[in-house]
Structure formats: C-alpha cells, structure tokens
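Here is the structure we will look at, set down as structure tokens.
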Amino acid sequence: MAHPSQLGFQDAASPLMEELLHFHDHALMIVFLISTLVLYIIVAMVTAKFTDKLILDSQEIEIIWTVLPAIILILIALPSLRILYLMDEINDPHLTIKAMGHQWYWSYEYTDYEDLGFDSYMIPTQDLTPGQFRLLEADHRMVIPVDSPVRVLISAEDVLHSWAVPSLGVKVDAVPGRLNQTTFIVNRPGVFYGQCSEICGANHSFMPIVVEAVPLEHFENWTSLMVEDA
C-alpha cells in the first residue's frame with residue numbers, strides 16, 4: 001500500500017515485482033553515473049582556461065564515446081529482456097480467474113469452480129468502516145491462495161480498461177473482444193490494491209481492484225462458502 005510522500009515503488013509481494021525493483025535500481029544507478037559524468041564534463045569545459053588542440057581531433061576519444069554507450073545499452077537491455085520473457089511465462093497455473101472490466105466495476109469468474117463468480121464494486125465513501133481506504137475498497141475482493149501460480153484472463157465488456165496491481169507487478173489491458181492473460185505468484189498473505197489504469201470514462205477513478213492473498217486452507221473455506229451462497 002502506498003503512503004503519502006512515498007518516492008519509491010510499493011513493497012514487492014511477488015517474485016516478478018522483486019525482479020522489476022532490482023532492474024529499476026540497476027538502471028537508476030547507471031543513469032546516476034551517466035548524469036554525474038556529463039555534469040563533470042560540462043563544469044570542466046566551462047571552467048577550463050586552456051584548450052588542448054590534440055583533443056579536438058582524436059581517434060581514441062571517438063572510439064571511446066562510440067563503444068561506451070553501446071556497452072551501457074547492452075547492460076540495460078539484457079536484464080530488461082530477461083524480465084520481459086519472465087512476464088510472459090505461463091507455468092502450470094493452479095487457479096484461473098477471468099476478470100471482466102465494465103463501466104465502472106470489475107467482475108470475476110473462477111473458471112475452475114462451478115457458479116463461482118461475482119461483481120466487485122467500489123465501496124462509497126459514506127459506507128466505509130474505520131481502517132478502510134477511500135476509493136480503493138471493494139465490496140467483493142478477489143481472493144487467491146498464497147504461493148500458488150495464478151492465471152488471470154482479462155477482457156472488457158464495453159470500452160478499454162486496464163487491470164493493474166502495482167505491488168504484484170501486474171498491468172494488463174482489458175480490450176473488448178480480446179482475451180489477454182497474465183500470471184503471478186503472491187509470496188505473502190495480505191491485501192493488495194490496484195485501480196483501472198486506462199481512462200475508461202467518467203467513473204474511471206471509481207473501479208478499484210482488491211486482491212486478498214490467504215493461506216490455501218482459508219482459500220478453500222472461502223470458495224466453499226461462496227459456492228454455497230450462490
């Protein structure tokens with residue numbers, strides 16, 4: 001959960017988000033080093049009182065400032081491609097959930113169970129209880145088991161939406177007539193919040209996503225109760 005004045009990302013709750021955080025730190029360090037070097041060169045050029053005519057035409061410097069950026073780009077591209085392929089891996093999911101975007105709420109269908117599906121609406125501000133977050137709480141949470149690969153099939157009923165949960169490192173577009181998918185593993189129990197990340201209309205800011213990760217036996221009890229209620 002993000003907090004006021006937070007500058008960094010939310011704490012990672014999935015292995016994929018941990019990889020993204022590591023790559024962010026890796027790329028940011030390279031940016032800092034390049035910025036420092038460029039600033040030093042600018043200051044040195046502005047304050048220098050002498051000019052070396054041999055530096056004005058040097059083959060060695062031409063080679064250095066051609067090869068060095070290429071090496072830096074490789075150091076950024078290789079980890080980036082690794083994470084890109086990891087994000088597309090589908091490794092025998094234990095649970096499949098279909099998420100449909102509507103104007104303006106989400107509906108979830110647990111395809112491995114019969115008649116287990118529900119709509120998830122934002123809780124109005126006047127109905128919030130102490131401890132709940134304004135504009136982020138939903139009346140029905142998407143409950144999933146901890147340490148289990150979960151596949152989410154995402155689409156939309158009317159216009160473009162986007163199913164995004166920052167602490168899980170997940171953001172997938174919901175496109176009418178198209179079925180996108182993503183997988184993730186939540187490695188600790190908790191409640192994780194997200195929102196629609198595509199401008200989908202007047203109530204775009206009022207269709208939150210709430211993912212609750214619980215131990216497997218609690219998840220089985222929850223599914224039993226939901227099926228009985230249905």
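Worth pointing out:
- Rounded to the nearest 20 debye, dipole of the stretch 13-86 from Cβ charges on Lys, Arg, Asp, Glu: 140
- Sorting Tyr85, Tyr121, Tyr108 on solvent-accessible area from highest to lowest, probe radius 1.4 Å, gives Tyr85, Tyr121, Tyr108.
- Distance from the Cα centroid of the stretch 75-118 to that of the stretch 158-198 is 7 Å (rounded to whole angstrom).
- Only the Cβ atoms of Lys and Arg (+1) and of Asp and Glu (-1) were treated as charged; on that basis the dipole of the chain about its Cα centre amounts to roughly 1040 debye.
- Near-label residues of the stretch 67-84 by backbone N, under 19 Å of a point 7 Å along Cα→Cβ of Leu28: 76-77, 79-80, 83
- With helices as the sole contributors, the chain gives -11500 deg cm²/dmol at 222 nm; each DSSP H run of n ≥ 4 counts as -39500 (n - 2.57), and the sum is divided by every residue.
- Once the Cα-Cα distance is subtracted from the 0.36 nm per residue extended length, the Ser35 to Glu114 segment shows a gain of 22.8 nm.
- Ranking Thr125, Phe50, His161 by how far each Cα lies toward the positive end of the dipole of the chain (charges on Cβ) leaves Phe50 at the top.
- Amide hydrogen proximity for Leu95: with H placed 1.01 Å from N in the peptide plane, the residues at 5 or more positions away or on another chain lying under 5 Å are Arg151.
- Listed values for the stretch 201-208 are Karplus-derived 3J(HN,Hα) couplings in whole Hz (6.51 cos²θ - 1.76 cosθ + 1.60, θ = phi - 60°), namely x, 4, 9, 4, 7, 10, 10, x, and x replaces Gly and Pro.
- The stretch between Met87 and Asp127, if pulled fully straight at 0.36 nm per residue, gains 10.7 nm over its current Cα-Cα span.
- Taking every protein chain into account, the accessible area of the stretch 93-227 amounts to 47 square angstrom per residue (probe 1.4 Å).
- Acute angle (nearest 10 degrees) that the helix 59-87 long axis makes with the longest principal axis of the chain, alpha-carbon atoms: 10
- Packing rank of 15-24, 92-101, where each peptide gets the mean count of other beta carbons within 10 Å, highest leading: 92-101, 15-24
- Three-way shape call for the stretch 13-86 based on the alpha-carbon gyration tensor, with the a/c threshold at 1.5: oblate
- Probe 1.4 Å - accessible area at His218, Å² to nearest ten: 100
The values are calculated or read from the model by the stated rules, or taken from the named source; none is laboratory data. If you're wondering where the values come from, they're calculated on a predicted model, not measured in any experiment. We place every Cβ from the backbone using ideal geometry, glycine too, and count neighbours over all the protein chains shown. These accessible areas exclude ligands, DNA and RNA; they are computed on the full protein's heavy atoms, side chains included. Shrake-Rupley method; radii C 1.70, N 1.55, O 1.52, S 1.80 Å.
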